[in-house]
1. Pick out the one residue from Leu60, Leu100, Leu56 that is free of Cβ contacts under 8 Å to residues at least 60 places away in the same chain, aliphatic (A, V, I, L, M) and closer than 26 Å to Cys280 by Cβ.
2. Identify, please: which residue in the range 333-367 is in a strand (DSSP E or B) and among the aliphatic types (A, V, I, L, M) and is, among those, nearest to ligand 2 (Cβ to nearest atom)?
3. Determine which member of the set Thr450, Thr524 is modelled with pLDDT under 95 and surrounded by 21 or more Cβ atoms within 10 Å (Cβ to Cβ).
4. Give the range 374-409 a look and list any residue that's among the β-branched types (Val, Ile, Thr) and either away from ligand 1 (no atom under 13 Å from the Cβ) or modelled with pLDDT under 95 (or both), or say none.
5. Please pick out the residue among Phe336, Phe357 that is within 16 Å of ligand 1 (Cβ to nearest atom) and not acidic (Asp, Glu).
6. Quick check, is Ala370 outside any helix (DSSP H, G or I), open to solvent by 40 Å² or more (accessible area, probe 1.4 Å) and either within 12 Å of ligand 2 (Cβ to nearest atom) or touching a helix residue (DSSP H, G or I) at 6+ places or on another chain (Cβ under 7 Å) (or both)?
7. So the check is Cβ under 7 Å with 6+ separation or different chains; which pairs have a first residue in the range 17-28 that's within 22 Å of Glu114 (Cβ to Cβ) and a second one that's not in a strand (DSSP E or B)?
8. Failed condition for Gln405, given (1) open to solvent by 40 Å² or more (accessible area, probe 1.4 Å); (2) touching a residue at least 24 places away in the same chain (Cβ under 8 Å); (3) away from ligand 2 (no atom under 14 Å from the Cβ); (4) not in a strand (DSSP E or B), with all others met?
Amino acid sequence: MLDFFTIFSKGGIVLWCFQGAGVTESFTGPVNALIRSVILQERSGNSSFSHGGLSLKYKLDNEFELIFVVGFQKILTLTYVDKFINDVQLRFRDRYKNELEQKGALKLLNNSFEFENDFKVLLSVAEESSKARGPAGMRTFEQSGKSQKTVKSMIETKGGDKGKEQGGKKNKNAKKEGKHSFFKSPKPQKPKGKQNRVWNNGGSSTRDLDYSDKNGNGSPNGAEQNLEAQFDPGGGLFGMLKGLVGSKSLTREDMEPVLEKMKDHLIAKNVAADIASQLCDSVAKKLEGKVMGTFTTVASTVKQALQDSLVQILQPKRRVDILRDVMEAQSQRRPFVITFCGVNGVGKSTNLAKISFWLIENGFTVLIAACDTFRAGAVEQLRTHQRRLNSLHPPEKHGGRPVVQLYEKGYGKDAAGIAMEAIAYARNQAFDVVLVDTAGRMQDNAPLMTALAKLIAVNMPDLVLFVGEALVGNEAVDQLVKFNQALADHSMSDKPRLIDGIVLTKFDTIDDKVGAAISMTYITGQPIVFVGTGQTYNDLRSLNARAVVSALMKA
Ligand SMILES: Nc1nc2c(ncn2[C@@H]2O[C@H](COP(=O)(O)OP(=O)(O)O)[C@@H](O)[C@H]2O)c(=O)[nH]1
Ligand SMILES: [Mg+2]
């Protein structure tokens, strides 16, 4: 009944594996997908995962740093799996305690774990006991998929992880620059002629979102102290936790009070409640059974784990390097197409204009496709931007050619059609980039969501950016889940185009309530490509993960 069972170390060494009789397909793909999209991305709050036709369940053993994964056909409801995976874990630990205690990859490699017989015995016991119980009754709500909402299912269907990991590099020393040069791109570009002046500008052209603290206390250390004070005050509720030092392995109960506080703290910072719970759950799973070092407290261990998880979530798993991708498209003599979507009034058009400015500053030409054919004034708003941008970069300085043009067909027309014409026009006229503005739509408006999905399915943009306000709390989850769902439902292909990245706007208005950044990246697994910090063309930044985490952790 099982397709496979595998036991591997957190370092990636496979200690033992089992393949079900008659199963010919390799399970490397599903297990790698699990590692990539769940374990590496700190989404371990939920212990199941699906990949193609397979269901995977896993368990972390934090003491010995092991991962136990079982895979079986999705159509089967195997009621015994959770208990079985526990039993296997216990037996394996028992048998190989000594070997596992000698840490180090080489030691593990040198051991042979002959676990076949034990495993078979456990499996037949589990299968027998489930037969004895007879067919499973109706599942309760908690057991059903519904109780787990669609958030997970969205994440799990995404094949996502195309590129290499990119470290969240930041440049604290970024200089202030001249009037129009601004911004940090995910990665500095290769110089591209002298037009590319932002990148050649003294080497330090990057500008991070700097989350400065009003009290002059923006350092991660400052944040730590603050949090320490909040979660671990000298006496009171948490005073007693200070006693827990050395060689004790953490239990859920030890952590519960701290986790509760953490959760409330995150919610107060505007992290969606659902996500805050999942994060705390994942921290608990990560720490349960871990032996604490001497002189560490539960509060500081949990806090550190949470902080690590938050940084991990915010750091891009996938390379989004627009300038480089535009150059690549250029070399293929086609325009690079970006579609902006989101609900009403979040800042799609304004940030589209800022991004146009940034692209122009980097030497590219831009065609803006006015596909918000719905809201009065939407086309004129873009025309104003186009004029302003052309006056900042007059055609005389660009070989007589306007650097930005507007492609519009007025109101009431089919947006997908206009986008298509605009892309064809850009190809003919050799524009480097097409930015497609779309009408705002509420995530619950099915016809409009279908229309958006169609626009994307038909035009196949290179990048789909979701524009969302940093002001949102729980609403962020709903918006993103439903936008992604609509794109998946109407994709007309088996590899649906979902949201590839996020533009987080109005960051200047939220003080230190930066939780939306976490909610949005957690749900989509996609990076925040741009952060909007005001209403001028210069108010565009990239996200500095550590600064955001430090703001989040601050009391
Ligand atoms: N403070 C602030 N306001 C912004 C930002 N981005 C957009 N806005 C404002 O939000 C409002 C709606 O923007 P608009 O681009 O028309 O939104 P759209 O409906 O999504 O296209 C405008 O008044 C913008 O000036 C930002 O980063 N910070
Ligand atoms: Mg608009």
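1. Values: Leu60 fails: free of Cβ contacts under 8 Å to residues at least 60 places away in the same chain; Leu100 fails: closer than 26 Å to Cys280 by Cβ.
Just a single option satisfies the conditions, and that option is Leu56.
2. To start, the set of residues in the range 333-367 that are in a strand (DSSP E or B) comprises 336-341, 366-367.
This time we only want the ones that are among the aliphatic types (A, V, I, L, M), so: 337-338, 366-367.
Numbers: Val337: 18, Ile338: 15, Val366: 16, Leu367: 17 Å.
By that ranking, first place goes to Ile338.
3. Working: Thr450 fails: surrounded by 21 or more Cβ atoms within 10 Å (Cβ to Cβ).
Result: Thr524 is the single residue among Thr450, Thr524 that is modelled with pLDDT under 95 and surrounded by 21 or more Cβ atoms within 10 Å (Cβ to Cβ).
4. Val403, Val404
5. Matching residue, one of Phe336, Phe357: Phe357.
6. Numbers: outside any helix (DSSP H, G or I): yes; open to solvent by 40 Å² or more (accessible area, probe 1.4 Å): no; either within 12 Å of ligand 2 (Cβ to nearest atom) or touching a helix residue (DSSP H, G or I) at 6+ places or on another chain (Cβ under 7 Å) (or both): yes.
Considered against the rule, which asks whether it is outside any helix (DSSP H, G or I), open to solvent by 40 Å² or more (accessible area, probe 1.4 Å) and either within 12 Å of ligand 2 (Cβ to nearest atom) or touching a helix residue (DSSP H, G or I) at 6+ places or on another chain (Cβ under 7 Å) (or both), Ala370 comes out as no.
7. Going by the 7 Å Cβ cut-off, the qualifying pairs are Phe18/Phe119.
8. Condition (4) is where Gln405 drops out.
The values are calculated or read from the model by the stated rules, or taken from the named source; none is laboratory data. Just so it is clear, the structure is predicted and the values come from calculations on it, not from any experiment. Glycine gets a Cβ as well: all are built from the backbone with ideal geometry, and neighbour counts include every protein chain shown. For the accessible areas, the whole protein counts, side chains as well, though only heavy atoms, and no ligand, DNA or RNA atoms are used. Shrake-Rupley method; radii C 1.70, N 1.55, O 1.52, S 1.80 Å.
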